[in-house]
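Accompanying notes for the structure given below.
The values are calculated or read from the model by the stated rules, or taken from the named source; none is laboratory data. Predicted, not measured: the structure shown is a model, and the values here were computed from it. Glycine gets a Cβ as well: all are built from the backbone with ideal geometry, and neighbour counts include every protein chain shown.
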Amino acid sequence: MEISSLLSKDAIKINLESKTKKDVIKELVELIFKTNKIKDKKKLFQALIEREELGSTGIGQGIAIPHGKSDTVLELQAAFGLSKEGISFEALDGEPVNIFFLLVAPEGAAGAHLKALARISSLLKDKYFRKSLLGVKSSDEVIKIIQDEEKLKY
C-alpha cells in the first residue's frame, strides 16, 4: 500500500491556518471533504476528536498522525498539512507539531487502516524525509517526495 495513492493533491495544505489542535483536525477534515471521500464532515470530526481523547496522536519530533474510522468515510483516505510555525498538539515530547498526516478509514477497514498507519509512521521515522517535507512549496512536491521515499523503502 502506497501512501501517495491515498493522498489527493486537493487534500494537501502547505500553510495550515489553524492555531489549535481541534482547528487543525477540522481543517484537515475539510480537505478530505473536498475530495468527496466522506459523507459527513461533522461526524468524522467528532470521531477524530473522540480518538484524540483516548491519547494524543502527536507522536513527537514535530509529527502528528490524527486518525480514525467512521461509517461516514467511503474509502481509506489521507490528508497532509504543514504548519511552518508549529501547533501545540499535546505531542508525546511536548513539542509543537509541524507535519500532519490525517488518516481516515471506513468502519470495517481496520486492517488497511493499521497498515497505512504503520506505513506513514515508517516513512516519518526518517529525519531527512521529515526535513524534505518541511521545505515543500507545493502539493505536487509533497506527493513527489512521498513517492520517491516509497520507491526507496518498499
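Annotations
- Residue among Leu102, Leu133 that alone is in contact with a strand residue (DSSP E or B) (Cβ under 6 Å, 6 or more places away or on another chain) and in a helix (DSSP H, G or I): Leu133
- Which numbered condition Ala109 fails, given (1) within 14 Å of the chain's Cα centre (by Cα); (2) over 17 Å from Gly55 (Cβ atoms): (1)
- Strands (runs of 3 or more DSSP E) lying entirely in the range 29-96 (those with 2 or more residues that are touching a helix residue (DSSP H, G or I) at 6+ places or on another chain (Cβ under 7 Å) and of a type in the set (A, V, I, L, M, F, W, C)): 77-87
- Checking Ile120, Ile145 one by one, the residue that is in a helix (DSSP H, G or I), over 14 Å from the mean Cα position of the chain (by Cα), modelled with pLDDT of 90 or more and not small (Gly, Ala, Ser) is Ile145 and no other.
A quick yes/no check of all residues on (1) buried (at least 21 other Cβ atoms within 10 Å of the Cβ); (2) under 24 Å from Ala118 (Cβ atoms):
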{"position": "Asn15", "(1), (2)": "no, no"}
{"position": "Ser18", "(1), (2)": "no, no"}
{"position": "Glu27", "(1), (2)": "no, no"}
{"position": "Phe33", "(1), (2)": "no, no"}
{"position": "Asn36", "(1), (2)": "no, no"}
{"position": "Lys43", "(1), (2)": "no, no"}
{"position": "Ile63", "(1), (2)": "yes, yes"}
{"position": "Glu75", "(1), (2)": "no, yes"}
{"position": "Gly86", "(1), (2)": "no, no"}
